[in-house]
Each structure stands twice: as structure tokens, then as C-alpha cells.
1. Collect the residues in region 47-86 that are under 20 Å from SER22 (Cα atoms), open to solvent by less than 60 Å² (accessible area, probe 1.4 Å) and assigned to a loop (DSSP other than H, G, I, E, B), keeping them in residue-number order.
2. Regarding TYR41, is this residue among the hydroxyl-bearing types (Ser, Thr, Tyr), surrounded by 14 or more Cβ atoms within 10 Å (Cβ to Cβ) and farther than 19 Å from SER22 by Cα?
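The values are calculated or read from the model by the stated rules, or taken from the named source; none is laboratory data. Since we're looking at a predicted model, the values are computed, not measured. Heads up, the Cβs are rebuilt from the backbone with ideal geometry, glycines too, and the neighbour counts pull from every protein chain shown. Calculation scope for accessible area: heavy atoms of the full protein, side chains included, ligands and nucleic acids excluded. Shrake-Rupley method; radii C 1.70, N 1.55, O 1.52, S 1.80 Å.
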Amino acid sequence: MKSKEILAGIMIVSTMLMSGCSTYDAVQVKPKKLENNYSYYLLNPPLYEGDVVQYKLKDGSHDTVTVQTTTPRALLTSTGQVVSFDDMVSLDKKDISKGKTAAAIGAGAGATAVVIVAVFAVALGAGFAAIAAGG
């Protein structure tokens, strides 16, 4: 019974660790001007449909949204919101964190090894106890 509780605890901790494997990386938003005074923006890295981004505007408002598409001057969200690059102070894209993922996998593997050793030790101890009691 105890090993089931330990295993359930390990699974919960592993799930919590794995959910923290993402981070937000800055997106560079560079204004460019054409000859006719028309401006557009270059994004580095580029944004694609389905990307999750956080932005902060000059008026202090901020939000986390899912990208539907981008235009030369604005971000269109999955909810139909249009956010102008002119109004942005910062733009960050959600990405998988290699460091956090490696740490989570290492912690998960370590925890699994501890459970296996503990279960083996309990089984081995029970076997020796049975032999001692019978002999």
C-alpha cells in the first residue's frame, strides 16, 4: 500500500515539474520605413499561428494571447483582437525551455530510481523476514 502512495506522489510531482518547462523569450519588433513613409515591422523570431505571446502596451495594459496571424503593422489574436506594433513596449513568445525540461526530466528519472530502489528494498526485506520467521 505504501508503494502505491509513493508512486502517486512521484506522478504528481513529475506532472508539476513538467508543467514548468516553458518560458517566455523576447521578440524583437523593429520598425522599417519605405520610401513613401509607409512603415512596417520586422519580428525576430517570427510569429506563427498558434504561438502564445505576452505583450505590454505603452498605456500599461498587458495580456497573454494566441496569435492567429500577423500583418505588417499589427498582431491579430485568436479572439479577433488587433494589437498594433506601434503601441507595444514589449512582446514575448512562449517557448519550451531546454534547461527547465532537462531539469524536469532529470528530477523525474531520479525520483523514479528512488521509487524502484525503495520498492525493491521493501520486497527484499519482506523476503528475508519470511525466511527468518519460517526457519
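1. LEU47, GLY50, ASP51
2. Details: among the hydroxyl-bearing types (Ser, Thr, Tyr): yes; surrounded by 14 or more Cβ atoms within 10 Å (Cβ to Cβ): yes; farther than 19 Å from SER22 by Cα: yes.
Considered against the rule, which asks whether it is among the hydroxyl-bearing types (Ser, Thr, Tyr), surrounded by 14 or more Cβ atoms within 10 Å (Cβ to Cβ) and farther than 19 Å from SER22 by Cα, TYR41 comes out as yes.
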